[in-house]
Amino acid sequence: DGGITQSPKYLFRKEGQNVTLSCEQNLNHDAMYWYRQDPGQGLRLIYYSQIVNDFQKGDIAEGYSVSREKKESFPLTVTSAQKNPTAFYLCASSRRGDGELFFGEGSRLTVL
Amino acid sequence: GEDVEQSLFLSVREGDSSVINCTYTDSSSTYLYWYKQEPGAGLQLLTYIFSNMDMKQDQRLTVLLNKKDKHLSLRIADTQTGDSAIYFCAERSAGNTPLVFGKGTRLSVIA
């Protein structure tokens with residue numbers, strides 16, 4: 001089945017460690033996105049990419065990094081510079097930059 | 001920048017209709033979307049409406065758009081306990097820009 005796969009679903013890390021969240025899609029979509037969700041805050045855009053080897057910062061990019069070396073993959077690294085990284089992270093894709101979004105099931109990161 | 005506002009909570013009795021409201025600021029919005037999120041899961045697209053439409057109906061769902069007031073609503077008829085979830089309104093501006101989401105409305109259905 002076509003879809004978006006995020007892994008891991010749950011992740012724990014110690015303060016000061018970097019961690020990478022995986023996002024893979026087999027929908028042949030051009031655009032991919034990372035959102036962060038906190039209770040009562042809705043979805044906030046971290047980074048997005050509309051084409052391979054190109055990406056743009058969203059509203060809260062500080063402390064995060066991404067790469068887009070392959071069309072189907074858009075990993076997100078949460079660096080030690082991110083002051084409050086505990087959150088639910090959602091990856092999404094769309095056929096083109098202005099199409100509807102399809103979401104993965106999310107990754108919950110907890111910093112101990 | 002663009003902003004999308006929703007009330008945070010709504011509680012209804014099973015069998016009643018639910019109406020979730022949303023306001024947005026961007027007058028160049030092209031599409032407006034409603035997504036549903038169940039606990040611990042990603043978002044699923046429920047329905048969308050193009051900005052030149054006033055209404056769209058899809059089974060138990062009715063979307064109303066008042067473009068003059070920049071007001072969007074989602075009506076769920078005969079609300080069931082399985083409709084309990086967070087509902088997000090989102091808008092897309094003209095051009096190649098990402099969706100802007102509201103903070104979500106948590107719908108609780110009382111049996």
Of the residues A:Ala92, A:Ala61, which is buried (at least 22 other Cβ atoms within 10 Å of the Cβ), within 14 Å of chain B (Cβ to nearest Cβ) and among the small types (Gly, Ala, Ser)? A:Ala92
Matching residues, the range A:64-89, being in contact with a Leu (Cβ under 9 Å, 6 or more places away or on another chain), away from chain B (no Cβ under 12 Å) and under 19 Å from A:Arg13 (Cα atoms): A:Tyr64, A:Ser65, A:Val66, A:Pro75, A:Leu76, A:Thr77, A:Val78, A:Pro85, A:Thr86, A:Ala87
If we keep just the residues of the range B:16-37 that are open to solvent by 40 Å² or more (accessible area, probe 1.4 Å) and modelled with pLDDT of 95 or more, which is nearest to the chain's Cα centre (by Cα)? B:Asn21
Would it be correct to say that A:Gly106 is buried (at least 18 other Cβ atoms within 10 Å of the Cβ), closer than 21 Å to B:Val100 by Cα, among the small types (Gly, Ala, Ser) and within 13 Å of another protein chain (Cβ to nearest Cβ)? yes
Subset of the range B:57-66 that is in a strand (DSSP E or B) and within 17 Å of B:Asp78 (Cα to Cα) - its residue that is modelled with the lowest pLDDT: B:Asp58
Cβ-Cβ under 8 Å, sequence separation 6+ or interchain: first residue in the range B:69-85 and more than 18 Å from B:Cys22 (Cα to Cα), partner open to solvent by 60 Å² or more (accessible area, probe 1.4 Å) and at pLDDT below 95. Which pairs? B:Thr81/B:Ala111
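The values are calculated or read from the model by the stated rules, or taken from the named source; none is laboratory data. Source: prediction; values computed, not measured. Methodologically, a virtual Cβ is constructed for each residue, glycine included, from the backbone with ideal geometry; neighbour enumeration extends over all protein chains shown. Side chains are part of the model used for accessible areas, which takes the heavy atoms of the whole protein and leaves out ligands, DNA and RNA. Shrake-Rupley method; radii C 1.70, N 1.55, O 1.52, S 1.80 Å.
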